[in-house]
1. Be a star and scan segment 4-24 for residues whose amide nitrogen sits under 18 Å from the point 7 Å along the Cα-to-Cβ vector of Ala103.
2. Whole-Hz ³J(HN,Hα) for each residue in segment 36-42, computed from phi via Karplus 6.51 cos²θ - 1.76 cosθ + 1.60 with θ = phi - 60°, x for glycine and proline: what do you get?
3. Take a quick pass over the chain and tell me how many lysine pairs come in under 20 angstrom between Cα atoms, counting only ones 8 or more apart or on separate chains.
4. Could you give the accessible area per residue of segment 38-116, probe 1.4 Å, as a whole number in Å²?
5. Using a simple spin-label model with points 7 Å from Cα along the Cα→Cβ vector, what separation in nm is obtained for Leu47 and Gln111?
6. Sort 7-14, 94-101 for me by packing, meaning the mean count of neighbouring Cβ atoms within 10 Å per residue, highest on top.
7. Can you compute 3J(HN,Hα) from phi for each residue in segment 28-34, using the Karplus curve 6.51 cos²θ - 1.76 cosθ + 1.60 with θ = phi - 60°, rounded to whole Hz and x for Gly and Pro?
8. Could you go through segment 74-79 in sequence order and give the Karplus-derived ³J(HN,Hα) for each residue, using 6.51 cos²θ - 1.76 cosθ + 1.60 with θ = phi - 60°, rounded to whole Hz, and x for Gly and Pro?
Amino acid sequence: QVQLVESGGGLVQAGGSLRISCAASGSIFRINLMAWYRQAPGKQRDLVASITSGGNTNYADSVKGRFTISRDNAKNTVYLQMNSLKPEDTAVYYCKLLNAGGASYWGQGTQVTVSS
């Protein structure tokens with residue numbers, strides 16, 4: 001069993017910054033990729049950013065230049081540094097882990113609210 005625990009969400013004013021974290025534990029096997037998704041009310045869950053075990057990153061166009069994904073392999077933790085936040089970034093942010101066996105796991109989500 002794999003557990004993903006997100007932390008660091010909250011309320012911030014537009015233009016501000018937040019860093020959210022996701023720590024993985026349990027029978028992780030070997031991590032292939034970790035990613036952040038977000039889901040706003042009434043909308044689908046969309047990819048925000050991902051990072052492979054080798055450090056390759058991918059970002060949604062809407063967050064390029066503002067968000068940075070990073071990971072600490074020793075701690076099985078992934079981070080999302082969010083700068084220049086906009087009200088449209090308001091959503092529940094979910095962490096996802098994909099292991100080398102093809103299994104995927106989701107965290108419980110952390111709320112990020114950006115006020116105008």
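1. Flagged as within label range: 4-5, 23-24.
2. 10, 10, 9, 9, 8, x, x
3. Working: Lys43/Lys86; Lys43/Lys96; Lys64/Lys86; Lys64/Lys96; Lys75/Lys96.
Lysine pairs meeting the criterion: 5.
4. Details: 4040 Å² over 79 residues.
Each residue of segment 38-116 exposes 51 Å² on average to a 1.4 Å probe.
5. Going by the 7 Å Cα→Cβ label model, 2.8 nm.
6. Values: 7-14: 14.0, 94-101: 18.1.
Packing order, densest peptide first, comes out as 94-101, 7-14.
7. Here the 3J(HN,Hα) series is 6, 6, 10, 7, 8, 8, 10 Hz.
8. In residue order, the calculated couplings are 5, 9, 6, 10, 10, 10 Hz.
The values are calculated or read from the model by the stated rules, or taken from the named source; none is laboratory data. Every value quoted in this text rests on a predicted model; they were computed, and no experiment measured them. Cβ sites come from the backbone with ideal geometry, for glycine too, and all protein chains shown count toward neighbours. Quick note on the areas: whole protein, heavy atoms, side chains included, nothing else; ligands and nucleic acids left out. Shrake-Rupley method; radii C 1.70, N 1.55, O 1.52, S 1.80 Å.
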